[in-house]
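> Take a look at the following structure, please.
None of the figures in this text is laboratory data; all of them are computed from the coordinates on show. All values derive from a computational prediction rather than experimental measurement. Counting neighbours? That spans all protein chains shown, and the Cβs are built from the backbone with ideal geometry, glycine included.
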Amino acid sequence: MLSRFLLTGDPLTGVHATIETRLGKYEEIDSIPVPMAFSATSDGTKMLEVEITRVEFKDSLPASTFANPM
């Protein structure tokens, strides 16, 4: 399971920063491991900490949801 990923620089704004996101507190929901908490830091400064209390999956989505818009 993914526990950490890094992004260096923002191609949209041109800002150069190292953003680290950490995922944790995985729970199995409908047999799928889901991270129930994550945090993000920018150049070592904590910017965000989130804890998810509930996750639900829709029974199905129409195929058109994934159609190429072009």
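> Which whole-number percent is the relative contact order of the range 4-53 (Cα, under 8 Å, 6+ apart)?
26 percent
> Continuing with this model, one more query. Given R₀ = 22 Å, what would the calculated FRET efficiency be for residue 26 paired with residue 6, taking r from the Cβ atoms and rounding to 0.05?
0.65
> Over the range 4-53, consider all pairs of different Cα atoms and compute the Kirkwood hydrodynamic radius from their mean reciprocal separation; express it in Å, one decimal.
12.0 Å
> Figure the gain on full extension for residue 17 and residue 61 (residue separation times 0.36 nm, minus the Cα-Cα span) and round it to one decimal in nm.
Extra length available between residue 17 and residue 61 comes to 12.2 nm.
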